Amino acid sequence: MRSLLLIGLLIIPSIYGRMSVSVADINKIRWGVAEREQVANMNELVYREDLEHLIVEELAKNNGCPYPSVVTRNGYHIVLNYGSTFTLPVVTQSGSTVIALKASTCPENGEPVYSLIVDASDTKPVRGEPGTHCSVGRTRNSNGLCALVGNGRRGYARKSFDPPGGWGPDIEFPEIEEFPDLDDILPVTE
């Protein structure tokens, strides 16, 4: 019986805010990083609803109340209960292509739990103007990200998410200047 209650609490969206951040907003962050750091092969993320169950399974291992952590499983990075930090390094891997988001409530204390999943990528960032070094099957979109040719969204592009503290004008993302210098990991292309 407790298992059913836990599963129910995990799949109920958080009551602490409306689902207001879309995948498009996350892609804007990716574009900002690609523009600032001159990453030529930053892919556009597409929402994959079928990945949400992996988040739910990881949350269930912690009774729905995980400590902030990143779990790598089946080729995906699952970021659990990331709190007020958005874990930009995970969300801005240039080779990642898919994302899913999950808002739930910790049954022990009623606190919101925000989690996400992105595919882990071995693709190294390539130095250059955003969108100029897209992989096969992808082309530069109007935002400078490498997007799937055709409609790869499969109806999930409007999925949205409300992280802790919201995404209003008072949200404070780390300044991009605070990111480590990527010269050591980005190959220089001519």
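Are there any pairs with C-beta distances below 9 angstrom linking a residue in the stretch 58-78 that is farther than 17 Å from Q93 by Cα to a residue that is among the small types (G, A, S) and surrounded by 14 or more Cβ atoms within 10 Å (Cβ to Cβ), with the two at least 6 apart or on different chains, and if so which?
Qualifying pairs under 9 Å: E58/S115; L59/S104; L59/S115; G64/S104; P66/S115; P68/G83.
Among what's in the stretch 81-120 and is in contact with an Asp or Glu (Cβ under 6 Å, 6 or more places away or on another chain) and not in a loop (DSSP other than H, G, I, E, B), pick the residue that is modelled with the highest pLDDT.
Restricting to residues being in contact with an Asp or Glu (Cβ under 6 Å, 6 or more places away or on another chain) and not in a loop (DSSP other than H, G, I, E, B), the top hit is V98.
State all residues of the stretch 84-113 that are in contact with a strand residue (DSSP E or B) (Cβ under 9 Å, 6 or more places away or on another chain), over 18 Å from L45 (Cα atoms) and crowded, with 16+ Cβ neighbours inside 10 Å; if no residue qualifies, say none.
Within the stretch 84-113, A103, S104, T105, C106, P112, V113 meet the criteria.
Report whether or not L59 is more than 15 Å from P112 (Cβ to Cβ), hydrophobic (A, V, I, L, M, F, W, C) and in a helix (DSSP H, G or I).
When the stated conditions are applied, L59 does not pass them.
For every residue, the table says whether it meets (1) of a type outside the set (S, T, Y); (2) crowded, with 20+ Cβ neighbours inside 10 Å; (3) modelled with pLDDT of 85 or more.
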residue: L5; (1), (2), (3): yes, no, no
residue: M19; (1), (2), (3): yes, no, no
residue: N27; (1), (2), (3): yes, yes, yes
residue: E52; (1), (2), (3): yes, no, yes
residue: I55; (1), (2), (3): yes, yes, yes
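Kindly indicate whether any position in the stretch 44-62 is farther than 22 Å from T105 by Cα and touching a Gly at 6+ places or on another chain (Cβ under 8 Å).
Yes - at least one qualifying residue is present in the stretch 44-62.
Report, by residue number, each residue of the stretch 39-56 that is assigned to a helix (DSSP H, G or I) and closer than 27 Å to G131 by Cβ.
Selection gives E49, L51.
Of all residues being small (G, A, S) and surrounded by fewer than 22 Cβ atoms within 10 Å (Cβ to Cβ) in the stretch 121-134, which is modelled with the highest pLDDT? Just the residue, please.
Of everything passing the filter in the stretch 121-134, G128 is modelled with the highest pLDDT.
The values are calculated or read from the model by the stated rules, or taken from the named source; none is laboratory data. Please read all numbers here as calculations on a predicted model, not as lab measurements. Here the Cβ is made from the backbone with ideal geometry for all residues, glycine too, and neighbour counts use every protein chain on show.
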